[in-house]
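To start, the structure under review is shown below, and the notes come after it.
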Amino acid sequence: MTAQVQYDVEDGVALIKISNPPVNALNQVVRQGLMDAFERADSDDRVGAIVLSAEGKTFPAGADVREFGRPRAAPILSDVCARIEACKKPVLAAIHGHALGGGFELALACHYRIALHDAIMGLPEVNLGVLPGGGGTQRMPRITGANAALDLMITGKPISADRAAEMGLIEKVIHKNLDRAALASAKNMIAQETPARPTRERSEGFADPVRYTEAIKSWRGRVAGNFVPSVRCIVDCVESALLLPFDAGIALERQCFDDCERGSEATALRHAFFAERRAAKVPELEGAKLRDVSAIGVVGAGTMGVGITISCLDAGFPVTLVERDNDGLAHGVDRVRDNYEKSVGKGRIDQAAADDRMARLRGTTDMADLSQVNLVIEAVFEDETVKRDVFQQLDKVMRPGAILATNTSYLDIDALAATISRPQDVVGYHFFSPAHIMKLLEVVVGAKTHRDVVATGFALAKKLRKVPVRAGVADGFIGNRVLAAYRLAADFMLEDGASPAQIDAAMRAYGFPVGPYQVLDMAGLDISWARRKRLAATRDPSDRYVAIGDRMCEQGWFGQKAGRGYYVHGHGLGPVENHDALAIIEDERRKKGISPRAFSNDEIQQRCLSAMVNEGARLLDEGVALRPSDIDVVLLYGYGFPRFRGGPMMAADQRGLLTVKNALKSYQEEEPKFWAPSPLFDELIKNGRHFSDLNDD
Ligand code: NAD
């Protein structure tokens, strides 16, 4: 046997154990080893029953990520599963850890299953744009029926051992000594002459064919508008489990798997998966020493300060929260408490956990109380003078080596660092709103930021369960720079003839959960207004300026919080078009002598995408972003960019860089500077390369 698959016989039981650390991924060597081991066990006269288990921390947690998107070398998982199932002797899977994807399919091919009480099982292939390809779509519904199988495969959500037992997927939940329990069960099977029980021959899940068919119909309706084709394939495959012979169902599953895996959606989803891992690799980590972060200070208990505080409390840190005055502080602390009360109410955490978190929170109005913390994240107003003043106070009270992080959205971190005595300890930790929910954290590295401070930011992100991306100093870093370009492209179209509702609908049709004007209304129009006012003095007067947003703000229409913005809110009907806003738009067109023209959804989408990609290319040129995939991660996790498109840079690769560049050139006449293609396009196109070729691995 290979080192990855061990074979032993004990008391007439063949013990087949997978050993491929760290997660027992099912690569080719493991698959071949399993083929050989089951072949041997089946023909070994000493053997009356077989146990399949895994060494280390988990049952196979899935396929080998290095094989994603590549043709699999034989034997493929489906053949391994068929071999296991064909054994003449009963086969028992003993599951612990995370039996996910191919790992769980392997277990489903066994005749019986037991699992440790804290084991997790699931079929999350849909998250990578594919479907279970090892027979899962055919075996699982034979046990559970259509509804439970579809729920598991379409949501991709894992289930606990208890839930799996309720669903009939495992025979028994084991509380300790899984190996011993498995051996005992197998010996019992031999004694009782328990027969092999191929899942392909089971039919409990088909007991009520009407219900089965109804579940198929209902799920087909639910996934009708889904952008990822594999969800519809899953429904087809589960339907075929009832309608077709087993082998024909397996053939359909294979065909669907191959088609989906080659599709643009799965390619983009795989890209997103690898992009997130890649973003965690930054040059500063090499040779860095992590600074101690055992207690955190947050300055400013507004929207962001409260969210950051919750995020840090959730991760187990003690937090000192500083506000300007007692009223502001009490309001902030109340919001933290409200959040936990709601979490308890919804059953997300229990009262003891909520009490523990509140007990770690200390509120104060005295900056001197931050003298003992090792990291402060300031989230005061987005105003250079206010932030500078806070930093100078922090410089006085914080201990040497402590980290001073700013959550600024746009301000120059180097300028801020230059005003204090320890610029090497200054960094940007840019959270997104709501900060305790949104996964993205831009770690903004200033000219003098010490590598230890950067590395500590990445380590902290992990503890906070965030996805960190390195960004250099620039107005808006990565995300807000790309967002600004996206919004400007949208504003130009608004002025030229499109309506906010039309642009929003087009971007939803592209896959965004909400369009740019819905986001503006939700976030508050005053935030971008403040930025435009800040930049007014340095704006090139020859640049096209769209004043529609300013005119709305002058009326006090700050969006949702004011009841009015690009939409009218608060009538219980959801947002409805604001006719007064449309009148402002028409007035602005008249003033500029613009005759409105029609825009198709495709043109709206392509203009917005081209603007985002071009800004991304400029960020790469300027060294603000390390690699294209980092820009994708920022847009995916911070701005709702549709994951099945992989992010703007990936979407541009898929569309074709020449096509995107030509689109930019065709718009260039209208606004020469804004639409000028970044030189990076020509550099890549000339060499037959894509953005993805710049992603180092
Ligand atoms: P906010 O107005 O809701 O909160 C700011 C808080 O800081 C207020 O409670 C204010 O009383 C307090 N404050 C002001 N000066 C202070 C001082 N000297 N000492 C202590 N507290 C002081 O603002 P916000 O939306 O939470 O934004 C805070 C920062 O986060 C800004 O820099 C903003 O650009 C950035 N940011 C905001 C968002 C967002 O979506 N709101 C997202 C990312 C980053």
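Quick notes
- Only one of the numbered conditions (1) over 20 Å from residue 336 (Cβ atoms); (2) more than 11 Å from the ligand (Cβ to nearest atom); (3) part of a strand (DSSP E or B) is violated by residue 428, and that is (2).
- Scan of region 497-512 for residues that are more than 18 Å from residue 577 (Cα to Cα) and surrounded by fewer than 18 Cβ atoms within 10 Å (Cβ to Cβ), ordered by number: 509, 511
- Evaluation of residue 77 against (1) within 22 Å of residue 201 (Cβ to Cβ); (2) modelled with pLDDT under 95 (one fails), failing number: (2)
- Counting the residues of region 17-33 that are within 19 Å of residue 182 (Cβ to Cβ) and in contact (Cβ under 8 Å) with a residue 60 or more places away in the chain gives 1.
- In region 439-477, the residues that are modelled with pLDDT of 95 or more, over 19 Å from the mean Cα position of the chain (by Cα) and of a type in the set (Asp, Glu): 452
- Close pairs from region 682-697: first within 15 Å of residue 650 (Cβ to Cβ), partner among the hydroxyl-bearing types (Ser, Thr, Tyr) and surrounded by 13 or more Cβ atoms within 10 Å (Cβ to Cβ), Cβ under 6 Å, at least 6 apart: 695/629
- For residue 435, the stated conditions hold: it is more than 30 Å from residue 225 (Cβ to Cβ) and part of a loop (DSSP other than H, G, I, E, B).
- Restricted to region 409-425, and to residues there that are within 12 Å of the ligand (Cβ to nearest atom) and modelled with pLDDT of 95 or more, the residue that is nearest to residue 467 (Cα to Cα) is 413.
- Only one entry in 381, 458 is within 14 Å of the ligand (Cβ to nearest atom), outside any strand (DSSP E or B) and aromatic (Phe, Trp, Tyr), namely 381.
- Number of positions in region 35-50 that are farther than 18 Å from residue 194 by Cα and surrounded by fewer than 20 Cβ atoms within 10 Å (Cβ to Cβ): 4
- Region 591-635, residues that are surrounded by fewer than 24 Cβ atoms within 10 Å (Cβ to Cβ), polar (S, T, N, Q) and closer than 17 Å to residue 475 by Cα: none
- All strands (runs of 3 or more DSSP E) inside region 47-111 with 1 or more residues being among the polar types (S, T, N, Q): 49-54
- Sole residue being more than 30 Å from residue 227 (Cα to Cα), buried (at least 22 other Cβ atoms within 10 Å of the Cβ) and within 16 Å of the ligand (Cβ to nearest atom), chosen from 333, 319: 319
- Condition met for residue 406 (at pLDDT 95 or above and buried (at least 18 other Cβ atoms within 10 Å of the Cβ)): yes
- Scanning region 536-560 for residues that are among the aliphatic types (A, V, I, L, M) and outside any helix (DSSP H, G or I) turns up 546, 547.
- Helices (runs of 4 or more DSSP H) lying entirely in region 209-269 (those with 2 or more residues that are surrounded by fewer than 17 Cβ atoms within 10 Å (Cβ to Cβ) and either touching a residue at least 12 places away in the same chain (Cβ under 8 Å) or not assigned by TED's automatic domain parsing to the domain that holds residue 63 (or both)): 209-222, 246-262
- Any chance residue 525 is within 16 Å of the ligand (Cβ to nearest atom), free of Cβ contacts under 8 Å to residues at least 60 places away in the same chain, in contact with a Ser or Thr (Cβ under 8 Å, 6 or more places away or on another chain) and in the same structural domain as residue 618 (by TED's automatic domain parsing): no
- Qualifying residue in region 133-149 (condition: assigned to a helix (DSSP H, G or I), polar (S, T, N, Q) and crowded, with 24+ Cβ neighbours inside 10 Å): yes
- For region 625-643, the criterion of a residue being in contact (Cβ under 8 Å) with a residue 12 or more places away in the chain, in a helix (DSSP H, G or I) and farther than 20 Å from residue 483 by Cβ is satisfied by no position.
- Taking the criterion of being farther than 16 Å from residue 417 by Cβ and acidic (Asp, Glu), the residues of region 363-405 that qualify are 366, 369, 382, 383.
- Residues (of a type outside the set (Asp, Glu) and more than 16 Å from the ligand (Cβ to nearest atom)) located in region 355-372: 357, 358, 359, 360, 372
- Residue in region 263-273 that is farther than 30 Å from residue 629 by Cα and away from the ligand (no atom under 16 Å from the Cβ) present: no
The values are calculated or read from the model by the stated rules, or taken from the named source; none is laboratory data. All figures in this text were calculated on a predicted structure; none of them were measured in a lab. Virtual Cβ from ideal backbone geometry, glycine too; neighbours counted across all protein chains shown.
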